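The values are calculated or read from the model by the stated rules, or taken from the named source; none is laboratory data. All of these numbers come straight from a predicted model, not from anything done at the bench. Neighbour counts run over all protein chains shown; Cβ positions are idealised from the backbone, glycine included.
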Amino acid sequence: MADLKLLAEARRILANVTPLDFDCGTLCGHKCCTELSADPDQELGVYLIPGELPLFDGTEDWLKWQFHSVKDYDFAPTWEKHGQVPFMVCHKLCDREKRPFECRTYPLAPFLHADGRLEMRYAHWAVGFCPLTERYKVEQLRPDFVAATHRAWSVLLQDPEMRDHVTWLTEQFKALDELPLTACEDDEDEG
Ligand code: SF4
Ligand code: SF4
């Protein structure tokens, strides 16, 4: 069972902060919102975290819901007991006050070091998609945004399911870090 107080606090911390001094959507046409459902055969979207679904009452006209089975998609081990995880596919800009936690922290994601230190990194699913990942180092984003994402994820870490999620994300970062660069080198050879 998700801790709803922690969830509310984490969402509140990220309610009003933004990665840059200006609307980063002007750099890309709000790509992470408007392109999510551009290809109907390969819908991209946003997963809700446990406990977030009841915050939506069905009046949200900017999205379509999907529910992804834990048997067919990869999730943190403790999320598997939910059976399905809500997945939001947006076709226009949302009511910002209602946007889910994952949108609030995007494009940053947590990396949990062995000593317990939490680091905010560009989410690996944002790299190659969100232009911020190419134009700015994380430390060049607004410090209040980076600090707020760190605080919000630190709050969520107190929830066992979210700690498990962060551990699972961290393992993905590590696996990607360890990938050989052969593919890139091959690409360069071809160029
Ligand atoms: S977070 Fe990245 S993809 Fe989304 S609007 Fe900002 S720059 Fe564009
Ligand atoms: S919920 Fe809002 S911020 Fe999140 S992807 Fe949809 S339109 Fe963008």
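Conditions tested, residue by residue: (1) exposed (fewer than 15 other Cβ atoms within 10 Å of the Cβ); (2) polar (S, T, N, Q); (3) away from ligand 1 (no atom under 16 Å from the Cβ); (4) farther than 18 Å from ILE49 by Cα.
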{"residue": "VAL85", "(1), (2), (3), (4)": "no, no, yes, no"}
{"residue": "GLU102", "(1), (2), (3), (4)": "no, no, no, no"}
{"residue": "VAL127", "(1), (2), (3), (4)": "yes, no, no, yes"}
{"residue": "LEU132", "(1), (2), (3), (4)": "no, no, no, yes"}
{"residue": "THR149", "(1), (2), (3), (4)": "no, yes, no, no"}
{"residue": "MET162", "(1), (2), (3), (4)": "no, no, yes, no"}
{"residue": "THR167", "(1), (2), (3), (4)": "no, yes, yes, no"}
{"residue": "LEU179", "(1), (2), (3), (4)": "yes, no, yes, yes"}
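Taking the numbered list (1) surrounded by 16 or more Cβ atoms within 10 Å (Cβ to Cβ); (2) at pLDDT 95 or above; (3) within 25 Å of THR170 (Cα to Cα) in turn, CYS24 passes all entries but (3). Pairs linking a residue in region 161-182 that is within 16 Å of ALA123 (Cβ to Cβ) to a residue that is of a type in the set (S, T, N, Q), with Cβ atoms under 8 Å and 6 or more positions apart or on different chains, are HIS165/THR78.
On the stretch given as region 75-90, residues that are away from ligand 2 (no atom under 16 Å from the Cβ) and in a strand (DSSP E or B) total 1. Against the definition (surrounded by 12 or more Cβ atoms within 10 Å (Cβ to Cβ) and out of contact with any Cys (no Cβ under 9 Å at 6 or more places or on another chain)), how does TRP79 come out, yes or no? When the stated conditions are applied, TRP79 passes them.
Among the residues here, LEU93 does not qualify as crowded, with 17+ Cβ neighbours inside 10 Å, modelled with pLDDT under 95 and assigned to a loop (DSSP other than H, G, I, E, B). Does GLN158 qualify as being among the polar types (S, T, N, Q), in contact (Cβ under 8 Å) with a residue 40 or more places away in the chain and more than 18 Å from CYS28 (Cβ to Cβ)? Against the criterion (among the polar types (S, T, N, Q), in contact (Cβ under 8 Å) with a residue 40 or more places away in the chain and more than 18 Å from CYS28 (Cβ to Cβ)), GLN158 qualifies.
Residues in region 96-118 that are within 27 Å of PRO131 (Cβ to Cβ), in contact with an Asp or Glu (Cβ under 8 Å, 6 or more places away or on another chain) and in a loop (DSSP other than H, G, I, E, B): PRO100 alone.
Annotation: of all residues in region 50-72 being under 16 Å from CYS103 (Cα atoms), touching a strand residue (DSSP E or B) at 6+ places or on another chain (Cβ under 9 Å) and aliphatic (A, V, I, L, M), the one that is modelled with the lowest pLDDT is LEU63. One residue alone among ALA15, ALA2 is part of a loop (DSSP other than H, G, I, E, B), surrounded by 12 or more Cβ atoms within 10 Å (Cβ to Cβ), of a type in the set (Gly, Ala, Ser) and within 14 Å of ligand 2 (Cβ to nearest atom), and that residue is ALA15.
Of everything in region 102-116 that is among the hydrophobic types (A, V, I, L, M, F, W, C) and either in contact with a strand residue (DSSP E or B) (Cβ under 8 Å, 6 or more places away or on another chain) or in contact (Cβ under 8 Å) with a residue 60 or more places away in the chain (or both), the residue that is farthest from ligand 2 (Cβ to nearest atom) is LEU112.
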